[in-house]
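Worksheet: the structure to be examined is printed underneath.
The values are calculated or read from the model by the stated rules, or taken from the named source; none is laboratory data. Just so we're clear, the structure is a prediction, and the values are computed from it rather than from any experiment. For neighbour counting, all protein chains shown are included, and Cβ atoms are generated from backbone atoms with ideal geometry for every residue, glycine included. The area values use the complete protein model at the heavy-atom level, side chains included, leaving out ligands, DNA and RNA. Shrake-Rupley method; radii C 1.70, N 1.55, O 1.52, S 1.80 Å.
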Amino acid sequence: MEDIKRVISFDSVEEFWGLYNNIIPPSQLPQKANYYLFKEGIIPAWEDDANKNGGKWSIQLPKEKHRSVVDRMWLYTMLAAIGETFDPTLVRESPDSPAPESLITGVIVSTRPQFYRISIWTRLAPSSPEDQLKTRIEQIGKHFKTSVLGYADGAKLGGPLATEVEFLSHKDSEKKGKSAKKLIA
């Protein structure tokens, strides 16, 4: 947590673009650097109350093959998070009804020696295959893969160092073993 520094917060479109247009794009970040974009008051850590029962959708992209597109993918991921388009249930029943709470707490782009990783963090994760939340989480992953990243539905993204768009609960991430249950978009 000592390595995480709050740089800026923004409340308007103008402030967002002012920030975005004045920072280094992910394709030019040094190795082991991360950008975090999280809702106000949420720390980008599993231990934060808003994240501890959640998980993340992630995709890992080999650097050499994706250097030219990772900046666009990151921008579209941020815009989808800010515009709250990831979560399909955020539609109000009527203009007077309260909006449901978004499952999305934040997004991250990481650069590593061999790959980039883009992740979407959620406040909840399905606890069983029968959990009704599973459908909602799967819809977020499908939207991330097709509408945000631009891959065709059903496209296989494998290859050296690449991963599919995968969901893993934070509790399963800690296991790091075969008992972890992943969802694939």
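For this structure, a couple of remarks:
- Counted charge near Ala155, where neighbours are those whose Cβ lies closer than 12 Å (Asp, Glu -1; Lys, Arg +1): +1
- Database remark: amide H of Tyr116 closer than 5 angstrom to the amide H of Leu61, Lys63 (H placed geometrically; neighbours at sequence offset of 5 or more, or on other chains; Pro and chain starts carry no H).
- Accessible area in square angstrom per residue, the chain, 1.4 angstrom probe: 58 Å²
- When peptides 132-138, 18-24 are sorted by average Cβ neighbour count within 10 Å, with the highest value leading, the order is 132-138, 18-24.
- Ranking Thr122, Thr146 by solvent-accessible area of protein heavy atoms (1.4 Å probe, all protein chains present), from largest to smallest, gives Thr146, Thr122.
- All Cα pairs of segment 54-147, percent lying beyond 19 Å: 45 percent
- Using θ = phi - 60° and Karplus 6.51 cos²θ - 1.76 cosθ + 1.60, couplings along segment 102-118 (whole Hz; Gly, Pro as x): 5, 7, 7, 9, x, 9, 9, 10, 10, 10, 10, x, 10, 8, 10, 10, 10
- Simple spin-label estimate for Ala152 and Glu138 in nanometres, 7 Å along Cα-Cβ: 2.2 nm
- Cross-link pairs exceeding 20 Å between alpha carbons, from the set Lys5/Lys32; Lys32/Lys142; Lys63/Lys171: Lys32/Lys142; Lys63/Lys171.
- Normalised convex hull volume, segment 27-81, alpha-carbon set, Å³ per residue: 105 Å³
- Alpha-carbon centroids, segment 149-166 and segment 49-83: separation in whole Å: 13 Å
- Hz values of 3J(HN,Hα) by residue in segment 137-154 - Karplus curve (6.51, -1.76, 1.60), Gly and Pro given as x: 5, 5, 5, 4, x, 5, 4, 4, 5, 8, 7, 8, 7, x, 8, 5, 4, x
- Highest mobility in the GNM of the chain, judged by mean-square fluctuation with C-alpha springs under 10 Å and restricted to Leu75, Leu124, Leu149, is found for Leu75.
- Selection from Gly83, Pro100, Ser119 lying farthest towards where the dipole of the chain points positive, charges on Cβ: Ser119
- Karplus-based coupling profile of segment 120-132, in residue order and whole Hz: 10, 9, 10, 7, 9, 9, x, 9, 7, x, 8, 4, 5, with θ = phi - 60° in 6.51 cos²θ - 1.76 cosθ + 1.60 and x standing for Gly or Pro.
- Value at 222 nm in deg cm²/dmol, rounded to 500, when DSSP H runs of n ≥ 4 in the chain each add -39,500 (n - 2.57): -6000 deg cm²/dmol
- Signed unit charges on C-beta, dipole axis of segment 15-54, positive-most listed residue Pro26, Ala50, Phe38: Pro26
- Rule-of-thumb Rg ratio for segment 1-160 [Cα; 2.2 N^0.38 Å; N residues]: 1.06
- Listed residues Phe38, Phe16 arranged by accessible area, highest first, probe 1.4 Å: Phe38, Phe16
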